[in-house]
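First comes the structure, then the notes that go with it.
The values are calculated or read from the model by the stated rules, or taken from the named source; none is laboratory data. As the structure is a computational prediction, the values presented were derived from the model and not from experiment. Virtual Cβ from ideal backbone geometry, glycine too; neighbours counted across all protein chains shown.
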Amino acid sequence: MIFKKFWSSFRAQLNKLANLFWEADPIAQMRYEYDLAVQQIKEGREGLEMYRGLVERVSRQVKDGEQALKKLQAQAKAYLQAGDRETAAKFALQLQKKKEEVAQNREQLDMHETAYENNLKKIKNANKKLIEVREKIQRYDAELKMAEAEAEIAKLSESFDMNVTTDFGEIETVVQQRIDKARGSVRVSADMSQKGVADIEAEERMEGALAEQALEDLEIELGMKTPETTPMVETDKELGPATVNER
């Protein structure tokens, strides 16, 4: 009783293991079963070829027996025509035995021919079924690969959903934030580059005014101009940095 339970449990585990292999790669399992069937048909064909050799041998025995019957019958007839009944009787007895032998051989030949034709028909049918199975395996393999590819594409589509709740969406948000930050830095740099431009321009105007004043002083010193003809330069309005009215 214990051994029976142990054996049942062991068979259950073997069945479970077999199911795992079947589910892991069913197409490979189908190809394995197909190869086994092909091997069985190959062995069956080899056996059928040997069996056909037996049929051919029995057929040859029947033909040889029929020829022997004709010969014995001719010999018995010749001795009868010659009046030698004793010798003719011997050939007649051989003819009778040969007829029984040929009849048995014919019976065996019919039986073997029928068996051969039945087995040949079975092998042909099995070979036809194997061709159908091979085509079915190829179709299943293509359909299975297509279905698995479609499933992977569906998963990929879900993973690339633009929703912010997905990993891809979160990564996209981080990238956009970094882009915004980089653009902000560029804008700040551009804004800060305008700082001090007004002071520089005011300084340039002041230097220009001083240079003009120095030139006029030189002209007066050289007697080329007199102070009365020299216009006054309104330095308060033009010199110095621009001021911003405080509110």
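What's the number of the condition PHE6 fails, among (1) modelled with pLDDT of 80 or more; (2) surrounded by 10 or more Cβ atoms within 10 Å (Cβ to Cβ)?
For PHE6, the exception is condition (1).
Residues are listed down the side, and each one gets a yes or a no for (1) small (Gly, Ala, Ser); (2) more than 30 Å from VAL62 (Cα to Cα); (3) assigned to a helix (DSSP H, G or I):
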| residue | (1), (2), (3) |
| --- | --- |
| THR114 | no, no, yes |
| GLU117 | no, no, yes |
| LYS121 | no, no, yes |
| LYS128 | no, yes, yes |
| MET146 | no, yes, yes |
| ALA154 | yes, yes, yes |
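Being surrounded by 10 or more Cβ atoms within 10 Å (Cβ to Cβ) and more than 30 Å from GLN40 (Cα to Cα) is true for just one of LEU120, LEU109, LEU69. Which residue is that? It would help to see each step written out before you state the result.
Values: LEU120 fails: more than 30 Å from GLN40 (Cα to Cα); LEU109 fails: more than 30 Å from GLN40 (Cα to Cα).
After applying the criteria, what remains is LEU69.
In this structure, is GLN40 out of contact with any Asp or Glu (no Cβ under 7 Å at 6 or more places or on another chain) and either at pLDDT below 80 or under 30 Å from GLU143 (Cβ atoms) (or both)?
Yes; evaluated as a whole, the condition is true for this residue.
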